[in-house]
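All of the numbers you see were taken from the coordinates with simple rules; none came from a lab. If you're wondering where the values come from, they're calculated on a predicted model, not measured in any experiment. Using ideal geometry, Cβ is built from the backbone for each residue, glycine included, and neighbour counts are taken over all protein chains shown.
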Amino acid sequence: MPAVNSRPCFLTPKPPKPDYPLFVFLPGMDGTGQLLRTQLGYLEVAFDIRSLAISPADLTNWDELADQVVELIAAEPKSGQRQPVYLCGESFGGCLALKVMQRAPHLVDRLILINPASSFRRQAWLNCGSHLVNWLPAGIYPVSSMALVPFLTAYDRIEPDVLQEMVTTLHLVPQKTSVWRLSLLREFQMTEEELGGISVPVLVIAGAGDRLLPSVSEAKRLVNCLPNAKMVVLSDSGHACLLETEVDLYKILRSQQFIEVPEVEPAAPSAIISNSVGH
């Protein structure tokens, strides 16, 4: 795993393509940006890809995190005519993406939300359960993350090595950081008026098999609030749908006419799984 700066930074998992649209991925609770790698072979045919990495020790609030992401996007080098910016947030990263849109709507051309955790605070069992993480003995905490795996994944849709990488990535997040990020999810909220101010095209992707959050009903709520949004429901997918073998984010975007790029055949899934993420 590449070193992560003390401040949030962008990883460049594929060679830069400054003449392509910029695709910025904001990850879930793990904050590593590593779990996008199963999608890289598909997405690289259309995008110049960046993946946000947040230090395991980072205890930054929503406002500061959003400001730092805005700075990173604004600092991306430009080549000739400005290329469109696609902002993609998954779970925790979906909440962060919405905060970024509040701060700098002029920097982003299209927004993609994948099982966003914006409904977290309205789920009583999650609110109660998230408080318990603070009281777990240090020796128990690493084991407790395994209890989340059935809620995050559909086992039969993820390759064993990818599943193992997800578990390893969850173990990288210290208990103090998990407690902090869960507190951010408990306090996250955006009013209908605030959501209505996001005018860029938005695609909300929801896994109907999500056992962690009511992603389909939340997607419907968001689409009703966002003025230029539509939704896609993945009928068999779980919360961590981007890790699933049959999920191809590039094809989803193409099928929804959310991107305009030449038709190019992506790399085979077996080649994608072997890719490594670096700076």
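Tabulated results
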item	result
By average C-beta atoms within 10 angstrom, highest first, the peptides 22-31, 156-165, 36-45	22-31, 36-45, 156-165
LEU234 long-range amide H proximity, modeled H, under 5 Å	ALA206, GLY207, ALA208
Taking the range 9-80 and dividing mean pair separation by its residue count, relative contact order in percent (alpha carbons under 8 Å, at least six apart)	42 percent
Nitroxide proxy distance, nm - points 7 Å out along Cα→Cβ at LYS176 and SER217	3.7 nm
Euclidean distance between Cα centres, the range 218-254 to the range 155-190, Å	19 Å
